[in-house]
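Just below is one structure, and these are the notes that go with it.
Laboratory data are not the source of any read-out in this text; all were calculated from the coordinates shown. None of these values were measured; they are calculated from a predicted model. Note that we place each Cβ from the backbone using ideal geometry, even for glycine, and neighbour counts take in every protein chain shown.
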Amino acid sequence: MIKYIKSGKPAEEKRDIDRQIAQTVETILADIEKRGWAAIREYSQKFDNWNPPTFKLTQEEIQACIDSLPAQAIEDIKFAQAQIRRFAQIQMMGLRDVEVETLPGVVLGHKNIPVNRVGAYVPGGKYPLLASAHMGILTAKVAGVKHVIACAPPYEGKPAAAIVAAQAMAGADEIYVLGGIQAIALMSLGAPTEGGNETVRAVDMLVGPGNAYVAEAKRQLFGRVGIDLLAGPTETMVICDDTVDAELVAVDLLGQAEHGPNSPAVCITNSKKIAEELPQQIENVLKRLPTRDVASISWRDYGEIILCDTKEEMLQEAERICSEHVQVMTEDDDYFFKNMTNYGALFLGARTNVSYGDKVIGTNHTLPTKGAGRYTGGLWVGKFIKTHSYQRILTDEASVLIGEYCSRLCALEHFAGHQEQADIRVRRLKK
């Protein structure tokens, strides 16, 4: 039997919030498309109190950011990027062009071609989330993307030095200090030269996580540009039993709830002890977190505790919710590894955790949210690759063979023009 010990906001209330966000984003995007840089400046001033002579950083400004960081910070960024680059390169090895002669004289194949221009968003209004620079920019470069524009908001009234350093070290070709909907719009729609701002050419694809407004802007712009996935706000789930304690569970939930006031954090357990102790442990852990003002609201409004009798029920609930991050800490982690199909990424066992994946271990932390794990995985080199097919017929005989079949099939569909494409070749080439 499944018991919902604690629930978050009702689904209809969440949908109302989503509708309000969608309306706001639609209005801002339309305004930016109409007025260009003038609107971008106004929204940057309004939302980030940021209106510099130009939003693009020069090489001197980029180097100044790098030079301002301690040597240990630079080494730590290098280490994290080395892990992410290594895993991305391994993934890249799994992508192969193919070519095969399927019938005598009929050659089919596909080529893997990287996207030409990518816009990589790095969130950083509340926290300077430099790890997103590794995940978006570096992975794109490993995939072979020719040009990457990077955007991140200012932090405490100036460029976030750690983000800028990570963007540059990851290989960004242009770096802009610009956040939110206005950054997504600039990269997606482009902007002509105006004032101190250079022309920005629209990208082919947008990547990167962000808050609900950034995610909605990506959703509304999809089609005009490609997107990696809808990533944000952050979600986390802990699946656990009595092999761990409530304090560890509380830390792993709040470690992601601090992202924002609307970040869902869900505990699914078959341990009555954990279910009963967790609310108090949440309060205890919040007391020692400087980010408790955000994390406490997220837990209050979006936190859930679900008590199950069996691991089968735990699996059922996990599959239904389809969380972005799923931390599994049970006596049989492999059961969930083998049977789960709906999630962003799995973190198996108490020795690992979501923070490792977010920052350094090597997997990509840009992951599907709001149930999108039902139909897509997270960001990886393959997201930047377009797989294009091609065909080549080497002999007259092969063209005639395919043409005769094609002609009859076109006739079944009443496509006369299609049929004539086949028939003209059959007439000319048949001996």
>> List the residues, sorted by chain then number, that are 5 or more residues from residue 266 or on another chain and whose placed amide H is less than 5 Å from its amide H.
In response: 236, 237, 238, 304
> Across every pair of different alpha-carbon atoms, what Kirkwood hydrodynamic radius in Å does the chain reach?
Replying inline: 24.0
> Expressed in nm², what is the orientationally averaged projection area of the convex hull enclosing the Cα positions of the range 291-337?
Replying inline: 4.2
> Using a cut-off of 13 Å between alpha-carbon atoms, which aspartates and glutamates can reach residue 430, once sequence neighbours fewer than 8 places away in the same chain are excluded?
Replying inline: 396, 397, 404
>> Explain nothing, just the number: relative contact order of the chain, from Cα pairs under 8 Å at least 6 residues apart, as a whole percent.
In response: 19
>> If you average the C-alpha positions of the range 313-355 and of the range 364-391 separately, how far apart do those two centres end up, in angstrom?
In response: 20
> Can you list the lysines whose alpha carbon sits under 17 Å from that of residue 338, skipping same-chain ones fewer than 8 residues off?
Replying inline: 311
> Among 43, 390, what is the fewest-to-most ranking by other Cβ atoms within 10 Å?
Replying inline: 390, 43
>> Calculate the FRET efficiency for residue 312 and residue 284 from the Cβ-Cβ distance with a Förster distance of 35 Å, rounded to the nearest 0.05.
In response: 0.65
> Tell me, what HN-Hα J-couplings in whole Hz come from the Karplus equation 6.51 cos²θ - 1.76 cosθ + 1.60 at θ = phi - 60° for each residue of the range 329-339, using x for Gly and Pro?
Replying inline: 9, 9, 6, 9, 4, 5, 4, 6, 4, 6, 10
> From the backbone phi of the range 348-363, what are the Karplus-calculated ³J(HN,Hα) couplings (6.51 cos²θ - 1.76 cosθ + 1.60, θ = phi - 60°) in whole Hz, Gly and Pro given as x?
Replying inline: 9, x, 6, 6, 10, 6, 5, 4, 4, x, 5, 10, 8, 5, x, 6
> Which angle between 0 and 90 degrees, to the nearest 10, do you get for helix 180-189 versus the longest principal axis of the chain when only C-alpha atoms count?
Replying inline: 10
>> Please give me, ordered by residue number, the trypsin sites (Lys or Arg not before Pro) of the range 241-323 that lie in loop per DSSP and have at most 16 other Cβ atoms within 10 Å.
In response: 288
>> Going 7 Å from the Cα of residue 359 along its beta-carbon direction, which residues of the range 61-91 have the amide nitrogen within less than 12 Å of the resulting point?
In response: 76-77, 80
>> Can you sort 315, 254, 95 from fewest to most other Cβ atoms within 10 Å of each residue's own Cβ?
In response: 95, 315, 254
> If we count other beta carbons within 10 Å of each Cβ, what is the order of 309, 48, fewest first?
Replying inline: 309, 48
> When the convex hull of the C-alpha atoms of the range 295-410 is computed, what volume per residue in Å³ does it have?
Replying inline: 215
>> Quick check: the angle from helix 11-35's long axis to the longest principal axis of the chain, C-alpha only, nearest 10 degrees?
In response: 60
> Sorted by mean Cβ packing within 10 Å, highest first, what order do the peptides 169-182, 412-425, 130-143 take?
Replying inline: 130-143, 169-182, 412-425
> In the range 233-378, if every C-alpha pair distance is counted and binned at 5 Å from zero, what percent goes to each bin?
Replying inline: 2, 11, 21, 25, 23, 13, 5, 0
> Where Lys and Arg each count +1 and Asp and Glu each count -1, what net charge lies around residue 7 among other residues with Cβ under 14 Å from its Cβ?
Replying inline: +1
> Which of the lysines could be linked to residue 158 by a straight reach, that is with a Cα gap under 17 Å, when you skip same-chain ones fewer than 8 residues away?
Replying inline: 46, 56, 126
> With r defined as the distance between the Cβ atoms of residue 23 and residue 337 and R0 fixed at 41 Å, what FRET efficiency is calculated, to the nearest 0.05?
Replying inline: 0.50
> Can you work out the FRET efficiency for the pair residue 222 and residue 416, with r the C-beta to C-beta distance and R0 = 51 Å, to the nearest 0.05?
Replying inline: 0.90
>> For the range 191-260, compute Rg over Rh where Rg is the Cα radius of gyration and Rh is the Kirkwood radius from the inverse mean 1/r over Cα pairs.
In response: 1.24
